[in-house]
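Below you'll find the structure, written out as structure tokens, and then a few comments.
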Amino acid sequence: MKRLLDWFDERTGYRELLRREVTGKVAPAHRGALTYMSCFGGLTLVLFVLQAISGVFLLVHYTPHVDQAFESVRHINDEVPYGWLVRRAHAVGGSLMVVTVLVHALKVFFTGAYKPPRELHWMTGAFLLLMTLAMGFSGILLPWSQLSYWASTVGTEAARSAPLIGESLVHFIRGSEKIDQNTLGRFFALHVAILPGAMALFMAGHFFMIRKTGIARPL
Amino acid sequence: MRHADLKGRRRFLGGCIGACGLTLGGEVACALFRYVAPPGPGEAEPVRVPLEEISAGGSVEVRYGAAPVMIFDRGGGEFVALDLTCTHLGCIVKWRARQDLFECPCHEGFFNADGSVRSGPPPLALQPVPFRIEGGTMVVGEEP
């Protein structure tokens, strides 16, 4: 094992990289910089990873079609071993993630940690918040239950009050006049591919900026 | 060749490549937009309902295009057709015969039997659907 890792290190230099970027990195020393309130960004990342893992496992058995979606979710919940656990974890994890993102954002807001030179942290973070909410909104339709259908009806209908473009906006979001297979198809694509990919990109930017500036000094 | 000429030529060629890229990118973007854009709302076909079918139960529910429509026989040859889509946020209202009103299950909007708002958040009355009587048949909706 040691020889294998040596071989790997000779070619990539990963030990030096780890020492410099991970193990050699110390927490900021100034008093009061780190409190329990500082952990919500990290918690959100942990939840995102858990959501990605449980989401991929759900994908194994889920069918994004109006005739089979509900049945496939019931199958996951009732028949697949530990399916109830994966599904519950994914649903509860999603709700928790909204909470941790909001607490994180409020903490940053009230401690003024978004001020220069940390504006980009805030901007990428704002998009991440919106995308987290969009994940919840697109995810709730996928089980195709009564709750799914009417929550999505009401949620998309709200866009109709946008001036001028309201009508066509609702139509475009739904992909048809009422919620149907077209809506399920595009919400599925958003939920499992487009949004997670975009979130990963924005998170990379978010973390790069934090590494660059370090975390903010306490008040 | 002089240095200044070279610079000008490079800028010109760069502009050409940029313009090509923009054109191709624009075409791809248009194609992808067409791919995800929904088809225009299809013309809703009028629905034909025999009058005795409505009179038998006092009311009948039909689907006109994407909208659920309820037709009532008010007696004396008077009929009413209402779009059951709630005017608040688009849920489908339910007819409560015993209370003589429509109830929206989403946010507790209530409508009177004639479609006007009784209480709750709906901003407008249930929308009437145009119809005409042809002999013994009601034709709900308009010819496309």
Over all Cα pairs of segment A:40-164, how is the pair count split among 5 Å bins, expressed in % and running from 0 up to the last occupied bin?
-> 2, 10, 16, 18, 16, 14, 11, 7, 4, 2, 0
Other residues with Cβ under 10 Å from the Cβ of B:Glu43 give, with Lys and Arg +1 and Asp and Glu -1, a net charge of -3
Calculate the dipole size of segment A:37-161 relative to its Cα centre from +1 charges on Lys and Arg beta carbons and -1 charges on Asp and Glu beta carbons; express the result in debye to the nearest 20.
-> 500 debye
Charge tally for neighbours of B:Ala4 with beta carbon under 14 Å away, counting Lys, Arg as +1 and Asp, Glu as -1, is +4
Taking square-rooted eigenvalues a ≥ b ≥ c of the alpha carbon gyration tensor, is segment B:30-144 rounded, prolate or oblate, where a/c under 1.5 means rounded and, failing that, a/b exceeding b/c means prolate?
-> oblate
Name the residues whose placed amide hydrogens come within less than 5 Å of the amide hydrogen of B:Ile92, ignoring near sequence neighbours (fewer than 5 apart) on the same chain.
-> B:Cys86
Please state the relative contact order of chain A as a whole percent: Cα pairs under 8 Å, 6+ residues apart?
-> 24 percent
Theoretical FRET efficiency, 1/(1+(r/R0)^6), r = Cβ-Cβ of A:Leu133 and A:Leu85, R0 25 Å, to 0.05 = 0.50
Express in nm, to one decimal, how much length is gained between A:Val92 and A:Thr63 on full extension, taking 0.36 nm for each residue of separation and deducting their alpha carbon distance.
-> 8.4 nm
Along the positive direction of the dipole of segment A:86-184 (beta-carbon charges: Lys, Arg +1; Asp, Glu -1; about the Cα centre), which of A:Ile173, A:Pro163, A:Leu130 reaches farthest?
-> A:Leu130
Expressed in nanometres to one decimal, the distance between label points 7 Å along Cα→Cβ at A:Thr35 and B:Glu27 is 5.9 nm
For segment A:69-82, Karplus-derived ³J(HN,Hα) couplings (6.51, -1.76, 1.60; θ = phi - 60°; whole Hz; x for glycine and proline) come out as 4, 4, 4, 5, 5, 4, 4, 4, 5, 9, 10, 5, x, 6
Helix A:83-110: angle to the longest alpha-carbon principal axis of chain A, degrees 0 to 90, nearest 10?
-> 60 degrees
Zone of B:Ser55's modelled label, taken as backbone nitrogen in segment B:70-91 under 14 Å from a point 7 Å along Cα→Cβ = B:73-79
For helix A:195-213, report the angle its Cα long axis makes with the longest principal axis of the Cα atoms of chain A; keep it between 0 and 90° and round to the nearest 10°.
-> 20 degrees
Value at 222 nm in deg cm²/dmol, rounded to 500, when DSSP H runs of n ≥ 4 in chain B each add -39,500 (n - 2.57) = -10000 deg cm²/dmol
Could you please report the charge total around B:Asn112, scoring K, R as +1 and D, E as -1 over all other residues with beta-carbon less than 10 angstrom from its beta-carbon?
-> -1
Taking the Cα atoms only, what angle lies between the long axis of helix B:3-36 and the longest principal axis of chain B, rounded to 10 degrees?
-> 20 degrees
Using a 10 angstrom cutoff on alpha carbons, build the Gaussian network for chain B and name the most mobile of B:Ala81, B:Ala97, B:Ala67.
-> B:Ala97
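When a/c reaches 1.5 or more, the comparison of a/b and b/c decides; with that in mind, is segment A:90-167 rounded, prolate or oblate per its Cα gyration tensor?
Cα axes put segment A:90-167 in the oblate bin.
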Spin-label model distance (nm) - A:Glu177 vs A:Phe8, 7 Å beyond Cα toward Cβ | 5.9 nm
Pseudo-spin-label distance B:Arg34 to A:Lys212, built 7 Å along Cα→Cβ, given in nm, is 4.0 nm
Förster radius 25 Å - calculated FRET efficiency between B:Phe110 and A:Ala193, Cβ distance, rounded to 0.05 = 0.05
Residue by residue through segment B:79-85, which ³J(HN,Hα) values in whole Hz follow from phi under the Karplus form 6.51 cos²θ - 1.76 cosθ + 1.60 (θ = phi - 60°), with glycine and proline marked x?
-> 10, 10, 10, 10, 6, 7, 6
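Which of the three applies to chain A, rounded, prolate or oblate, going by the alpha-carbon gyration tensor with a ≥ b ≥ c and a/c under 1.5 meaning rounded? Present the calculation step by step, with values, prior to reporting the outcome.
Values: a/c = 2.32, a/b = 1.47, b/c = 1.58.
Because a/c hits 1.5 or more and a/b fails to exceed b/c, chain A counts as oblate.
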Phi to ³J(HN,Hα) by Karplus 6.51 cos²θ - 1.76 cosθ + 1.60 over segment A:35-49, Hz, x for Gly, Pro | 10, 4, 5, 7, 8, 6, x, x, 4, 4, 4, 4, 5, 4, 5
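Bear in mind that the values in this text are calculations on the coordinates, not laboratory data. Everything numeric in this text was worked out from a predicted model, so none of it was measured. Positions of Cβ are backbone-derived with ideal geometry, glycine not excepted, and every protein chain shown enters the neighbour counts.
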